[in-house]
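Engineer: Here it is, the structure in full.
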Amino acid sequence: MLTLKNTQPDFAELASKEWLVTNGIGGYASSTVVGANTRRYHGLLAASMNPPTERTVMVSKIEECIVFNRDCVFGLSSNQYPGAVHPQGFRYFRFFERKPLPRMKFEAQGNHILKTVFMVHGSNTTVVEYENTGETTFKIRLTPLFVYRDYHALAREDSFFDYWMKRENGYYTLYAHFGATPLYFNFSAGEFVEKRDWYKKLEYTRELDRGLDAHEDACSVASIDVVLKPGAKVHLVFSTDEKMVTEDPEALKFNELQRIESLVPKDSDDSFLRDLMIAGDQFLVRRNSTEGYSLLAGYHWFTDWGRDTMIAMRGLTIATRKQEVSRSILATFFRYIDRGMLPNRFPDRNEPLEYNTIDATLWLFVAMYEYYQAFHDLSFITEHFDALTDILDQHIAGTRYQIRVTPEGFLSGGEGLAQLTWMDARVGDFVVTPRHGCPVEIQALWFNALRIYQYFAGTLDKPFGEYRQIGDRLQDNFKKHFVRPDGALNDVLLAAEQQTPDARPAVDGSLRPNQIYAVSLPFSLLDREAEKRVVKVVREHLLTDYGLRSLSPEHPDFKPVYEGDPWHRDTAYHQGTVWPFLLGEYITAHLKVNDWSEAAQKEALALLEPLKRHFYQQDCILGISEIFDGKLPRPGKGTVHQAWSVGALIKTLLDLKAHRKKGRRHAKIPFLEARSVFF
């Protein structure tokens with residue numbers, strides 16, 4: 001799948017490249033390609049105690065060195081400390097590859113060691129394998145470093161954490177403190193030498209970059225000395241599941257490789273799409289509280305969010321034809337509809353559900369429509385049709401946060417400090433992008449919800465006249481209030497409390513990417529010429545190599561760089577920062593207004609090339625970052641592996657593949673094909 005070779009041993013460069021493996025229940029293992037942790041979120045075992053939440057880092061890393069004699073040791077590890085890197089194992093690093101598991105090769109004095117890391121699917125279990133791939137026998141010393149903390153926190157040396165350990169039944173059980181969740185630990189060969197120590201002030205450079213506390217202490221309790229002959233292996237197993245540490249590591253590895261292989265159709269001939277589908281599976285998790293599937297929004301720190309799930313699943317589960325998973329996710333969210341709204345997120349630690357979103361519920365209609373187009377599962381639509389009706393009725397009558405329908409047919413919402421759209425950054429009482437009123441993408445989504453409901457109602461022979469009338473009224477008024485003379489769309493028709501006496505209706509004319517949804521969603525509010533003008537404006541002002549800017553560079557509030565402490569990062573988040581997931585919407589709109597011409601398809605594939613290089617060579621290897629800088633987008637920022645970023649690319653590639661397979665002009669919009677059925 002991928003090989004990165006080390007031609008110049010530069011620590012900063014190597015430590016900028018990360019890897020990630022997951023276990024399907026919210027847990028993960030992650031670090032850099034040279035094994036130096038650079039984030040508080042890195043660790044060999046971040047266990048999910050209440051899947052997919054309550055993630056707890058239990059194993060930080062393993063210190064590795066080749067031992068020649070008492071006075072001659074070659075450290076293969078690398079750690080950043082204040083002002084120094086020690087040991088400097090990156091000098092012995094030769095290559096990193098995903099085939100498909102992460103593997104790192106080191107060579108010191110003619111001795112070769114290949115390190116492989118994987119997790120057991122469905123279990124908080126990490127296996128680390130070391131193999132002698134050279135021709136000489138050597139001794140390797142492996143020293144696990146332990147912490148016990150929430151994955152957002154940092155550990156400090158503390159006598160409370162005594163790491164009490166016992167050995168029985170051929171493996172070790174480690175308790176970080178009295179009452180802590182036990183960690184089970186085993187190894188397949190070697191001599192166990194107990195020796196306790198604290199590694200002080202490990203420095204995490206990515207946390208420094210984020211303006212946060214960046215130093216941690218980790219505890220070692222013992223080392224394992226292993227003499228490895230050529231071709232020999234040793235496995236270290238860490239788990240919260242006691243039975244797993246007695247399983248055969250080779251069998252566990254075989255099962256994981258088989259599982260990964262099954263994720264992609266056997267006839268897949270696009271290696272990029274294949275690898276994206278494997279990477280996309282990392283977001284799929286089982287949720288204990290619902291006994292069903294859910295989607296994590298991004299690694300390392302996001303949980304499952306309503307908006308992100310509805311958007312990401314279009315590519316991750318629907319386009320990839322994972323019907324059971326798609327149905328389970330949708331059914332889960334239907335269970336939690338309240339006052340016509342989907343929850344914005346399932347909290348991490350038993351807090352109440354949050355319903356502070358206006359768009360997640362509307363995205364449900366789009367996901368349901370694409371689910372039906374993919375699977376023709378009319379029984380599922382029938383089962384939830386009344387819930388869809390109730391959602392529309394609640395929005396028309398008025399629900400939380402003053403969400404209501406205006407006389408023009410628009411959907412308006414917002415009150416106080418609550419930010420309901422995806423541009424929801426807030427620092428204390430400072431709202432970065434206030435969008436109370438009628439945001440442009442909300443109107444596009446509301447229109448689609450109404451039209452999709454009509455489509456389902458017509459298919460099921462149900463009445464829909466009232467909802468059709470609102471949609472017609474919305475479409476009639478949209479051009480008057482949102483379309484600007486240059487063809488761009490206003491971003492927000494402001495709420496009454498934000499309007500000024502000399503300008504009614506007041507608008508926020510900021511040039512933002514939200515307008516692309518008026519073209520890219522299944523049912524369009526605009527005629528073809530107006531659609532072309534929107535695409536042209538977005539292309540000229542917002543399109544970059546890695547996605548769409550969240551604000552035009554010509555705007556006085558444009559922030560060219562996303563960096564610094566939480567204040568500076570949050571105030572730049574939606575003020576110019578580039579978002580890769582929006583590239584999928586742009587490409588869809590671009591293909592649509594160009595009638596899916598051959599030239600448009602070639603251009604679409606060319607637009608994906610920078611993100612393809614990023615996926616294979618930069619930041620998280622085989623991951624797509626959440627965001628990039630607005631002015632010169634190069635290194636990834638935010639989370640290193642974002643669900644809707646990956647989902648957007650998968651959907652785009654599968655749409656292109658489906659069109660080529662059909663060998664005919666793509667349908668203009670499915671809605672028009674169905675119009676004669678019920679209009």
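The values are calculated or read from the model by the stated rules, or taken from the named source; none is laboratory data. All of these numbers come straight from a predicted model, not from anything done at the bench. Cβ placement follows ideal geometry from the backbone for every residue including glycine, while neighbour counts extend to all protein chains displayed.
Engineer: Given the criteria assigned by TED's automatic domain parsing to the domain that holds residue 444, of a type in the set (Gly, Ala, Ser), under 24 Å from residue 650 (Cα atoms) and crowded, with 22+ Cβ neighbours inside 10 Å, does residue 292 qualify? Step through it out loud before you land on a result.
Structural biologist: Working: assigned by TED's automatic domain parsing to the domain that holds residue 444: yes; of a type in the set (Gly, Ala, Ser): yes; under 24 Å from residue 650 (Cα atoms): yes; crowded, with 22+ Cβ neighbours inside 10 Å: no.
So residue 292 does not fit the description; no.
Engineer: Would you point out the residue of segment 332-347, among those that are in contact with a Phe, Trp or Tyr (Cβ under 9 Å, 6 or more places away or on another chain) and among the basic types (Lys, Arg), that is farthest from residue 389 (Cα to Cα)? Give the steps one after another, and end with the answer.
Structural biologist: Here is the first cut: in segment 332-347, the residues in contact with a Phe, Trp or Tyr (Cβ under 9 Å, 6 or more places away or on another chain) are 332, 336, 338-339, 341-346.
Okay, now just the ones that are also among the basic types (Lys, Arg), so 339, 345.
Working: 339: 12, 345: 23 Å.
By that ranking, first place goes to 345.
Engineer: Say whether the condition of being part of a helix (DSSP H, G or I), of a type outside the set (Lys, Arg), more than 19 Å from residue 654 (Cα to Cα) and in contact with a Leu (Cβ under 8 Å, 6 or more places away or on another chain) is met by at least one residue in segment 245-258. Please lay out each step first, then the result.
Structural biologist: Going residue by residue through segment 245-258, those that are part of a helix (DSSP H, G or I) are 245-246, 249-258.
Then drop every residue that is not of a type outside the set (Lys, Arg), which leaves 245-246, 249-252, 254-258.
Now drop any that are not more than 19 Å from residue 654 (Cα to Cα), which leaves 245-246, 249-252, 254-258.
Imposing the further condition that a residue be in contact with a Leu (Cβ under 8 Å, 6 or more places away or on another chain) reduces the set to 256-257.
For segment 245-258, residues part of a helix (DSSP H, G or I), of a type outside the set (Lys, Arg), more than 19 Å from residue 654 (Cα to Cα) and in contact with a Leu (Cβ under 8 Å, 6 or more places away or on another chain): present.
Engineer: In segment 186-214, how many residues are over 17 Å from residue 32 (Cα atoms) and either more than 31 Å from the chain's Cα centre (by Cα) or part of a strand (DSSP E or B) (or both)?
Structural biologist: Here the count works out to 16.
The rows are residues; the columns are (1) in contact with a Ser or Thr (Cβ under 8 Å, 6 or more places away or on another chain); (2) in a helix (DSSP H, G or I); (3) not assigned by TED's automatic domain parsing to the domain that holds residue 548.
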{"residue": "587", "(1), (2), (3)": "yes, yes, no"}
{"residue": "590", "(1), (2), (3)": "no, yes, no"}
{"residue": "596", "(1), (2), (3)": "no, no, no"}
{"residue": "602", "(1), (2), (3)": "no, yes, no"}
{"residue": "607", "(1), (2), (3)": "no, yes, no"}
{"residue": "613", "(1), (2), (3)": "no, yes, no"}
{"residue": "616", "(1), (2), (3)": "no, yes, no"}
{"residue": "625", "(1), (2), (3)": "yes, no, no"}
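Engineer: Filter segment 305-355 down to the residues that are of a type in the set (S, T, N, Q) and either touching a Lys or Arg at 6+ places or on another chain (Cβ under 6 Å) or at pLDDT below 95 (or both) and list them by number.
Structural biologist: Looking only at segment 305-355, we keep the residues that are of a type in the set (S, T, N, Q), and these are 309, 317, 320, 323, 326, 328, 332, 344, 350.
Matches in segment 305-355: 332, 344, 350.
Yes/no matrix, rows are residues, columns are (1) at pLDDT 95 or above; (2) assigned by TED's automatic domain parsing to the domain that holds residue 345; (3) hydroxyl-bearing (Ser, Thr, Tyr); (4) under 29 Å from the mean Cα position of the chain (by Cα):
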{"position": "418", "(1), (2), (3), (4)": "no, yes, no, yes"}
{"position": "446", "(1), (2), (3), (4)": "yes, yes, no, yes"}
{"position": "457", "(1), (2), (3), (4)": "yes, yes, no, no"}
{"position": "492", "(1), (2), (3), (4)": "yes, yes, no, yes"}
{"position": "499", "(1), (2), (3), (4)": "no, yes, no, no"}
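Engineer: Would you check if residue 441 is surrounded by fewer than 22 Cβ atoms within 10 Å (Cβ to Cβ) and closer than 23 Å to residue 390 by Cα?
Structural biologist: Details: surrounded by fewer than 22 Cβ atoms within 10 Å (Cβ to Cβ): no; closer than 23 Å to residue 390 by Cα: yes.
Spelling it out, it is not the case that residue 441 is surrounded by fewer than 22 Cβ atoms within 10 Å (Cβ to Cβ) and closer than 23 Å to residue 390 by Cα.
Engineer: Among the candidates 378, 362, single out the residue that is farther than 21 Å from residue 444 by Cα and not hydroxyl-bearing (Ser, Thr, Tyr). Break it down stepwise before answering.
Structural biologist: Working: 362 fails: farther than 21 Å from residue 444 by Cα.
Every option except 378 fails the conditions.
Engineer: I would also like to ask the following. Could you tell me whether residue 551 is farther than 22 Å from residue 279 by Cα, assigned by TED's automatic domain parsing to the domain that holds residue 484, touching a helix residue (DSSP H, G or I) at 6+ places or on another chain (Cβ under 9 Å) and crowded, with 21+ Cβ neighbours inside 10 Å? Outline the logic, then answer.
Structural biologist: Working: farther than 22 Å from residue 279 by Cα: yes; assigned by TED's automatic domain parsing to the domain that holds residue 484: yes; touching a helix residue (DSSP H, G or I) at 6+ places or on another chain (Cβ under 9 Å): yes; crowded, with 21+ Cβ neighbours inside 10 Å: yes.
Against the criterion (farther than 22 Å from residue 279 by Cα, assigned by TED's automatic domain parsing to the domain that holds residue 484, touching a helix residue (DSSP H, G or I) at 6+ places or on another chain (Cβ under 9 Å) and crowded, with 21+ Cβ neighbours inside 10 Å), residue 551 qualifies.
Engineer: Within segment 230-267, which residues are small (Gly, Ala, Ser) and surrounded by 13 or more Cβ atoms within 10 Å (Cβ to Cβ)? Steps first, please.
Structural biologist: Step one: filter segment 230-267 for residues small (Gly, Ala, Ser), giving 231-232, 239, 251, 262.
Selection gives 232, 239.
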